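The values are calculated or read from the model by the stated rules, or taken from the named source; none is laboratory data. Note that the structure is a prediction, hence the values are computed from the model and not measured. As a convention, Cβ positions derive from the backbone with ideal geometry for all residues, glycine included, and neighbour counts pool all protein chains shown. Just the protein is used for accessible areas: all its heavy atoms, side chains included, with ligands, DNA and RNA removed. Shrake-Rupley method; radii C 1.70, N 1.55, O 1.52, S 1.80 Å.
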Amino acid sequence: YFLEKHISIQRHFADLEKLANLKEDEKKPCPLCSEEQYKPCYSHKLHRHLLNFHWKVSVEFEGYRMCICYLPCHPVKPNVVGDQTSSKMGAHYHCIICLATITRRTDMISHIKRHVNKGETESRFIAAPAPKYSHEVLKESATDVRVLPNYSTPQKTDSYFNPKMKLNRQLIFCALGVLAKERKPIECLDAFGATGIMGLQWAKHLRSSVRVTINDCNENSVAMIRENCHLNKMKVKLHTNEDDGDEAMGDGEENTDTIEVTKMDANVIMHLRSFDFIHLDPFGTTVNYLDSAFRNVRNLGIVSLTSTDISSLYAKAQHVALRHYGCNIVRTEYYKELAARIVIAAVTRAAARCNKGIEVLLAVALEHFVLVVVRVLRGPFPADDAARKIRYLIHCQWCEERIFQKEGNMVEENPYQQLPCDCHGSMPGKTAVVLGPLWSGALFNAGFLRRMYFEAAQYGLEEAQSLLKTIVCEAECTTLKHYSAHAPWEDTKQEECGVYIKTPNTSPESYLVHGKRKCDEVSRNTNKRQKAESSSEHPAFYYNIHRHSIKGMNMPKLNKFLNYLSEAGYRVSRTHFDPMGVRTNAPLAQFKTVLMKHSTPTYTAGQAEEPELLEDD
């Protein structure tokens with residue numbers, strides 16, 4: 001239904017004069033002022049008053065003028081002067097869209113612009129539909145999406161689309177592609193759809209292997225998702241809280257896939273339904289949705305989450321990290337890996353509350369986000385095993401050495417003895433802090449990452465390929481790695497998490513599908529694989545070579561330094577967390593010894609010329 005518009009909103013000045021019912025021989029009051037503000041007067045004075053005090057200071061929007069109003073619509077606090085109370089009528093504007101009253105003209109203009117940025121341009125009390133704005137169409141990975149103005153600013157639009165998160169979307173797509181190879185069809189959920197770009201990419205490339213559900217609690221975002229589904233020639237099945245659902249057909253019949261679009265709170269839909277793959281990407285922290293995500297996720301399913309609360313995770317707002325994650329942190333040289341372990345610890349606790357354990361498949365921390373992908377292992381024993389990997393970290397503030405506290409509940413007399421460095425004995429005062437609790441287990445699964453790399457190569461995701469190369473080497477803690485474009489399971493049948501992977505030379509009946517095995521056998525196979533991989537687990541944390549360089553010495557090139565550490569008998573690799581970081585199992589003292597051994601002195605200009613003069617002689 002349409003609400004009646006306020007009398008201060010008119011199309012033409014003549015319409016405003018009709019409200020006053022001007023007559024030459026009669027005094028008429030102003031229709032937009034109270035009698036205390038403006039007394040009745042003759043027509044020529046009232047005409048000038050309406051023109052100068054109301055019409056010329058109006059705000060224009062889509063052919064309408066929102067004139068300033070002095071009627072007692074906007075409450076104003078009375079001013080008490082001595083024993084007398086004086087009240088003054090507050091000048092204000094009435095919004096044509098939401099009926100709000102705004103006092104300042106500049107604030108009213110900004111208020112209207114916010115409605116336009118959110119796409120709320122149709123007035124609720126104007127029967128004639130407002131003209132539609134032309135939306136920009138963007139293309140990513142062969143998927144078209146129509147976006148609203150200011151689409152990259154979340155505070156100014158409902159359908160948020162960030163082009164900088166393209167790499168994040170590619171990594172999540174690769175993880176889903178690997179899961180789709182294990183069992184099909186799988187039910188996957190994009191809990192925060194916005195424009196629907198991620199769910200559309202899943203359905204467009206993986207097609208019948210996935211059943212995609214895109215959810216958003218905002219009505220404008222849901223409308224935009226439906227429009228983008230039609231733009232990509234997809235069927236849409238809409239479900240909201242109010243109705244049971246209806247179906248809408250795309251413009252073409254080229255693609256018969258159906259995308260389910262829901263309008264619910266993310267916690268509600270994850271409580272109501274079960275999924276094999278869930279992705280969480282709210283604006284900020286994900287801790288408010290973890291309990292719902294792990295409540296109904298299926299066994300051996302995957303939960304991926306993108307955290308964009310960088311200020312708290314990267315130790316710029318430490319009090320917020322303590323509030324959201326219950327974790328004490330400081331700024332360190334390895335702060336990005338620290339952020340990933342903070343998020344995984346929160347994920348582990350949420351899964352354990354639902355009697356589920358996790359296996360970390362991928363953890364990425366870049367400039368704009370922290371991405372964590374975990375596999376869910378149902379049962380109290382996997383939950384206990386994962387919960388035991390949450391520990392505190394002892395961090396030396398002098399030399400940046402760090403080590404996880406030992407397991408056990410007994411209090412040690414001198415916790416500094418656990419640190420490999422001797423800063424506590426040589427430096428005055430307290431030299432170390434306790435950080436955490438953090439995840440102390442592995443951050444990567446090398447086998448899963450190799451298959452993700454194959455998916456990236458298969459679909460031509462170049463940005464994801466280059467990053468996954470680095471992460472695979474980091475997961476195996478090696479610097480030498482050869483990649484090929486063929487599938488990693490072409491010749492042998494692999495088993496991961498109790499699920500056999502189909503090979504191209506086998507028939508569908510010759511391999512086991514998830515659900516055919518008993519739960520205890522699945523857990524047994526998972527434990528065997530985890531024990532086999534524990535010996536090759538990558539070292540925790542990394543060192544920045546610039547942070548530990550020696551003053552007055554030229555340090556070697558990074559790749560040469562990696563070879564020197566490897567020749568010394570240590571495992572080394574580069575890390576995606578820091579372009580100048582070195583992940584190694586060498587203690588910091590040995591790290592500095594090798595760096596010092598292969599660094600050359602820095603000569604001044606005069607000193608550098610002396611050897612040349614001696615050679616000339």
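Kindly check whether there is at least one residue in the stretch 226-239 that is part of a helix (DSSP H, G or I), of a type in the set (Lys, Arg), open to solvent by 10 Å² or more (accessible area, probe 1.4 Å) and at pLDDT 90 or above.
Taking every residue of the stretch 226-239 in turn, at least one turns out to be part of a helix (DSSP H, G or I), of a type in the set (Lys, Arg), open to solvent by 10 Å² or more (accessible area, probe 1.4 Å) and at pLDDT 90 or above.
Tell me yes or no: at least one residue of the stretch 426-435 is closer than 30 Å to Glu140 by Cβ, open to solvent by 10 Å² or more (accessible area, probe 1.4 Å) and assigned to a helix (DSSP H, G or I).
Within the stretch 426-435, none of the residues are closer than 30 Å to Glu140 by Cβ, open to solvent by 10 Å² or more (accessible area, probe 1.4 Å) and assigned to a helix (DSSP H, G or I).
Select from the stretch 47-76 the residues that are in a strand (DSSP E or B) and touching a Lys or Arg at 6+ places or on another chain (Cβ under 8 Å) and write down the one among them that is surrounded by the fewest Cβ atoms within 10 Å (Cβ to Cβ).
Across the stretch 47-76, the extreme among qualifying residues is Tyr64.
What single numbered condition from (1) at pLDDT 95 or above; (2) not in a helix (DSSP H, G or I) fails to hold for Tyr483?
(1)
Quick check on this structure: which one of Glu407, Glu413 is at pLDDT below 95, over 31 Å from the mean Cα position of the chain (by Cα) and under 30 Å from Leu300 (Cβ atoms)?
When all the criteria are applied, what remains is Glu407.
Note down all Cβ pairs under 7 Å where the first residue falls in the stretch 44-73 and is over 26 Å from Asp25 (Cα atoms), the second is among the basic types (Lys, Arg) and in a helix (DSSP H, G or I), and they're at least six residues apart or on different chains.
Pairs found: Val57/Arg105; Val59/Arg105.
Quick check: anything in the stretch 572-588 part of a helix (DSSP H, G or I), modelled with pLDDT of 90 or more and within 23 Å of Glu400 (Cβ to Cβ)?
Yes; the residues of the stretch 572-588 include at least one that is part of a helix (DSSP H, G or I), modelled with pLDDT of 90 or more and within 23 Å of Glu400 (Cβ to Cβ).
Can you name the number of the only condition in (1) closer than 22 Å to Asn267 by Cα; (2) out of contact with any Ser or Thr (no Cβ under 8 Å at 6 or more places or on another chain) that Ile186 fails?
Ile186 satisfies all of (1) closer than 22 Å to Asn267 by Cα; (2) out of contact with any Ser or Thr (no Cβ under 8 Å at 6 or more places or on another chain) except (2).
Just wondering, is there one or more residues in the stretch 81-95 that are modelled with pLDDT under 85, of a type in the set (A, V, I, L, M, F, W, C) and surrounded by 15 or more Cβ atoms within 10 Å (Cβ to Cβ)?
Scanning the stretch 81-95 turns up at least one residue that is modelled with pLDDT under 85, of a type in the set (A, V, I, L, M, F, W, C) and surrounded by 15 or more Cβ atoms within 10 Å (Cβ to Cβ).
Here's a check for you: in the stretch 384-405, which residue that is farther than 18 Å from Ala589 by Cβ and among the aliphatic types (A, V, I, L, M) is surrounded by the fewest Cβ atoms within 10 Å (Cβ to Cβ)?
The qualifying residue surrounded by the fewest Cβ atoms within 10 Å (Cβ to Cβ) is Ala387.
Considering only the stretch 320-335, I want to know if a residue exists there that is out of contact with any Ser or Thr (no Cβ under 8 Å at 6 or more places or on another chain), open to solvent by 30 Å² or more (accessible area, probe 1.4 Å) and under 25 Å from Gly447 (Cα atoms).
Within the stretch 320-335, not a single residue is out of contact with any Ser or Thr (no Cβ under 8 Å at 6 or more places or on another chain), open to solvent by 30 Å² or more (accessible area, probe 1.4 Å) and under 25 Å from Gly447 (Cα atoms).
Please enumerate the residues belonging to the stretch 538-552 that are at pLDDT below 90 and surrounded by 14 or more Cβ atoms within 10 Å (Cβ to Cβ).
Listed by number, the residues that qualify are His538, Ser549.
Search the stretch 399-416 for residues that are closer than 22 Å to Thr593 by Cα and without any contact (Cβ under 8 Å) to a residue 12 or more places away in the chain and pair each with any residue that is surrounded by 10 or more Cβ atoms within 10 Å (Cβ to Cβ) and among the hydroxyl-bearing types (Ser, Thr, Tyr) when their beta-carbon atoms are under 9 Å apart and the residues are at least 6 apart or on different chains.
If the second residue must be surrounded by 10 or more Cβ atoms within 10 Å (Cβ to Cβ) and among the hydroxyl-bearing types (Ser, Thr, Tyr), no pairs are left.
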